[in-house]
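Chemist: The structure under discussion is supplied below as structure tokens; questions concerning it will follow.
The values are calculated or read from the model by the stated rules, or taken from the named source; none is laboratory data. In this text, all values refer to a predicted model and were calculated from it rather than measured experimentally. For neighbour counting, all protein chains shown are included, and Cβ atoms are generated from backbone atoms with ideal geometry for every residue, glycine included. These accessible areas exclude ligands, DNA and RNA; they are computed on the full protein's heavy atoms, side chains included. Shrake-Rupley method; radii C 1.70, N 1.55, O 1.52, S 1.80 Å.
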Amino acid sequence: MTTRVELLHQTHYHYERPVLLSAQWVRLKPAVHCLSTIESYQLTIEPTNHLRHWQQDPFGNLVARIDFLEVVESVTIQVQLIAKLEPVNPFDFLVDACADNFPFMYEPQIRKALTSYLEVTEHGPRLTQWVRQINQQPRRSTIDFLVGLTQQIYQMISYQSRLQAGVQPAEVTLQRASGSCRDSAWLLVQLIRSLGLATRFVSGYLVQLAPDTPGDTPSDGLGRDTFDLHAWAEVYVPGAGWIGLDATSGLLTTQGHIPLASAPAPAGAAPIEGTTESVKTWLTYSSTLIRLP
């Protein structure tokens, strides 16, 4: 069943005194590989005394560079979009014969193009032991293997809403057995790269609609429609392209996942990036979802 929704996402920064801001980089526009149809999009930024330039970064993300022309006491960044969510089959792809089973090797030309997504930047005894155990297992279907790995992280890592900036190191997430969506996503990225497959970190929106069937409840358990910023991983499989893996749910990404930015590291996919003078700052945000006819 197709559902049209309006999403309103607002981020507000308030500073204890007027401050100068560096250029702000806003990655809040749906990516071209979004599985849902984006019917309209509007980015509103206050104060209005600023310059705005849209561009693409080295990873193909649509980024708005915002330059404020004077000191500011507060900044509001608001996204309003209408999306048409149509059910999709996340397994609707064809894998090249060379990649049917894991492990497999990329062709040299493809591997060269994927270099930045193959870099393993973290190491630790828990991660190393896990990789060693996987490498000792027999060959198996690549897709079954990736789904199983995603479900393992979902079962091992308890979800925790973390307001601190940044992403936990993969070893810390394994040690604590808990983390935010971005922590689980980064753990999955590092794990799959350690196994020789190109993987990228993705930030985006996650839309969860309450089911129409009486007695059922959505994943938030409250029987309501929700959406918020989210993070997941995408792995490159020849023939299929980039496949989204959501370690927070243990599932492949579907129409409810609206990608905004992807990069080799989380910093390159940050929804909002920029610096300011050293000043006390208050951050508030809100997300509203409205079903449309």
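Chemist: Would you tally the residues in the range 144-190 being of a type in the set (A, V, I, L, M, F, W, C), part of a helix (DSSP H, G or I), open to solvent by less than 20 Å² (accessible area, probe 1.4 Å) and over 30 Å from residue 275 (Cα atoms)?
Modeler: Of the residues in that region, 4 qualify.
Chemist: With a cut-off of at least 1 residues that are open to solvent by less than 80 Å² (accessible area, probe 1.4 Å), at pLDDT 95 or above and β-branched (Val, Ile, Thr), name the strands (runs of 3 or more DSSP E) lying wholly within the range 1-88.
Modeler: Strands (runs of 3 or more DSSP E) meeting the threshold: 3-19, 24-26, 37-46, 62-68, 72-85.
Chemist: Could you please find all residues in the range 106-131 being assigned to a helix (DSSP H, G or I) and either in contact with a helix residue (DSSP H, G or I) (Cβ under 9 Å, 6 or more places away or on another chain) or hydroxyl-bearing (Ser, Thr, Tyr) (or both)?
Modeler: Listed by number, the residues that qualify are 115, 116, 117, 125, 126, 127, 128, 130, 131.
Chemist: Report whether or not residue 232 is in contact with a strand residue (DSSP E or B) (Cβ under 8 Å, 6 or more places away or on another chain), under 21 Å from residue 163 (Cβ atoms) and at pLDDT 95 or above.
Modeler: Taking the combined requirement at face value, the residue satisfies it.
Chemist: Just one of 167, 202 is in contact (Cβ under 8 Å) with a residue 24 or more places away in the chain and in contact with a Lys or Arg (Cβ under 7 Å, 6 or more places away or on another chain); which is it?
Modeler: Just a single option satisfies the conditions, and that option is 167.
This table checks each residue for (1) within 16 Å of residue 197 (Cα to Cα); (2) open to solvent by 20 Å² or more (accessible area, probe 1.4 Å); (3) of a type in the set (Val, Ile, Thr); (4) in a helix (DSSP H, G or I).
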position: 235; (1), (2), (3), (4): yes, no, yes, no
position: 242; (1), (2), (3), (4): yes, yes, no, no
position: 254; (1), (2), (3), (4): no, yes, yes, no
position: 259; (1), (2), (3), (4): no, no, no, no
position: 279; (1), (2), (3), (4): no, yes, yes, no
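Chemist: Still on this structure, I have one more. Could you list, in sequence order, all residues of the range 191-205 that are among the charged types (D, E, K, R) and closer than 28 Å to residue 275 by Cα? It would help to see each step written out before you state the result.
Modeler: Filtering the range 191-205 down to residues among the charged types (D, E, K, R) leaves 193, 200.
Within the range 191-205, just 200 meets the criteria.
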